[in-house]
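Structure first, commentary second.
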Amino acid sequence: MHSASSLDPSPLVRAVGRALPPHYASQEQLIGAFRELWSKKHFNLERLEDLHRAVNVSGRFLSLPIDEYHPLVSFQQRNDAWIHAAVELGEKVVRQALDKAGLTPRDVDHVFFVTVTGLAVPSIEARLANRLRFREDLRRTPLFGLGCVAGAAGVARAVDYLRAWPRHTALVLSVELCSLTLQREDLSIPNIIASGLFGDGAACVVLQGAEAKAQGPRVVASRAVFYPDTERIMGWDIVDTGFKVVLSAKVPQLVRENVRANVDTFLAEQGLKRTDIRHWVAHTGGPKVLEAFAESLELPREALARSWASLREVGNLSSASVLFVLGETMESQEPRPGDWGIMMAMGPGFCAELVLLRW
């Protein structure tokens, strides 16, 4: 059993910044925009509305005003818009997170940048290094392609680094601008669901090694789980117009079949069981995914209340979602010293990441 004493070698989470772009549209406004777009193609508009309402999202924040999406036809136009918006939102959320932690950009040793919604070389954290004036010996690890799991995976990889460098400070920056990936010509059910579910947002986690004299939940352990031969469950097909969504209806079934055993095995290795966990920080995958999490882990609905609320208020922000829920949990005043928590997310591969927290 792990001790939460001052000798604990586990890195800790200092702060989580969260930022949303400035433009908001209710789900009804978005349904209206899609109706106008897809009615010309004789799509079943009642089906569109049913699918959009079924995802339990009341509205989303967008990188651009709605009418500025229409001229973006090519992959390059969308990606250029993505780079511009990602740098702006990334700078905002990094400054916010560092302010919360009482740190400056000069204190940062390593930035892990995660995204799955745009491409940039130099990557976004390099562009931010010029804006924020990070030190010139900054280490950078851009991670592309982990999708929704990348918030939890990024924290786990940063913690692995901080175990080797216990005096260092690392950032995990997630910027996901899902609205700029939308394929307007794709009338498949997965794309219709994605157009109703995914939103734009950014999160930044400040982590420090065990020697930091600071407060915050410690990351005691992590576990990655890869499910073989599930490549077509979730991801992108890269097409001439950009990222075309791959989203299988089998995701909730995979959760039901695997998550309980994954969590129980992970906890058993730490001398714990599910009833020891007070705080569940779950990625807001969608209503069916959250229901499957609760059912397979035998959790009361209120255990995932923050994930449900985040889904309703801002949609699924891909890798940023689980970090939004982590930040809200930390700032809620609910966690008490000694409490255990689990952060969990799933994504393309298909795979899962579990992160064990101790307050």
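The values are calculated or read from the model by the stated rules, or taken from the named source; none is laboratory data. No experiment lies behind these values; they were computed from the predicted model shown. Neighbour counts are summed over all protein chains in view; Cβ atoms, including those assigned to glycine, are modelled from backbone coordinates with ideal geometry. Remember, those area values only see protein heavy atoms, side chains included, never the ligands or the DNA or RNA. Shrake-Rupley method; radii C 1.70, N 1.55, O 1.52, S 1.80 Å.
Here are the numbers for the structure shown:
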item: Nearby aspartates and glutamates by direct alpha-carbon distance to LYS244 (threshold 13 angstrom, same-chain neighbours under 8 apart not counted); result: GLU185, ASP186
item: The chain, accessible area per residue, ligands and nucleic acids excluded (1.4 Å, Å²); result: 42 Å²
item: Nearby lysines by direct alpha-carbon distance to LYS100 (threshold 29 angstrom, same-chain neighbours under 8 apart not counted); result: LYS92, LYS213
item: Shape of the range 45-104, Cα gyration tensor, a/c cut at 1.5; result: oblate
item: Euclidean distance of C-alpha centroids, the range 57-95 and the range 254-288, integer Å; result: 34 Å
item: Expected 222 nm ellipticity per residue - DSSP helices of 4 or more, -39500 (n - 2.57), all of the chain, to 500; result: -12000 deg cm²/dmol
item: ARG53-ARG106 FRET efficiency (beta carbon distance; Förster radius 51 Å; 0.05 resolution); result: 0.60
item: Gaussian network model of the chain, Cα within-10 Å springs - most flexible of ARG95, ARG140, ARG336; result: ARG336
item: Kirkwood Rh in Å, taken over all unlike Cα pairs in the range 298-345; result: 11.6 Å
item: Nonlocal amide H pairs with LEU357, under 5 Å, H built at 1.01 Å; result: VAL220, GLY341, ILE342, MET343
item: Among beta bridges that DSSP assigns inside the chain, antiparallel share in %, nearest 5; result: 70 percent
item: Environment charge at GLU231 (Cβ cut-off 13 Å; Lys +1, Arg +1, Asp -1, Glu -1); result: 0
item: The range 150-280: radius of gyration over Cα atoms, expressed as a fraction of 2.2 N^0.38 Å; result: 1.32
item: Rounded percent of accessible protein surface that carbon and sulfur make up, the chain, 1.4 Å probe; result: 52 percent
item: Tensor-based shape of the range 211-271 (alpha-carbon gyration tensor, a/c under 1.5 rounded, otherwise prolate or oblate); result: oblate
item: Mean Kyte hydropathy of -0.5 or more with a Cα span along the axis of at least 27 Å, helices from DSSP in the chain; result: 75-101
item: Largest to smallest principal axis extent of the C-alpha atoms in the range 163-217, angstrom; result: 53, 19, 15
item: Relative contact order of the chain, defined on C-alpha pairs under 8 angstrom at six or more residues apart (%); result: 25 percent
item: At 0.890 mPa s and 25 °C, Stokes D of the range 1-95 from Kirkwood alpha-carbon radius, µm² per second; result: 144 µm²/s
item: Over the range 256-319: Rg over Rh, Cα atoms, Kirkwood Rh; result: 0.98
item: Cα-based radius of gyration of the range 47-198 once divided by 2.2 N^0.38 Å, which approximates compact folds; result: 1.17
item: Neighbour net charge for SER174 - beta-carbon separation under 12 angstrom, K R +1, D E -1; result: -2
item: Within-12-Å neighbourhood charge of LEU119 [Cβ basis; K, R +1; D, E -1]; result: 0
item: Cα pair distances exceeding 35 angstrom across the chain, given as percent; result: 20 percent
item: Kirkwood-based Rg to Rh ratio, the range 248-359, C-alpha trace; result: 0.93
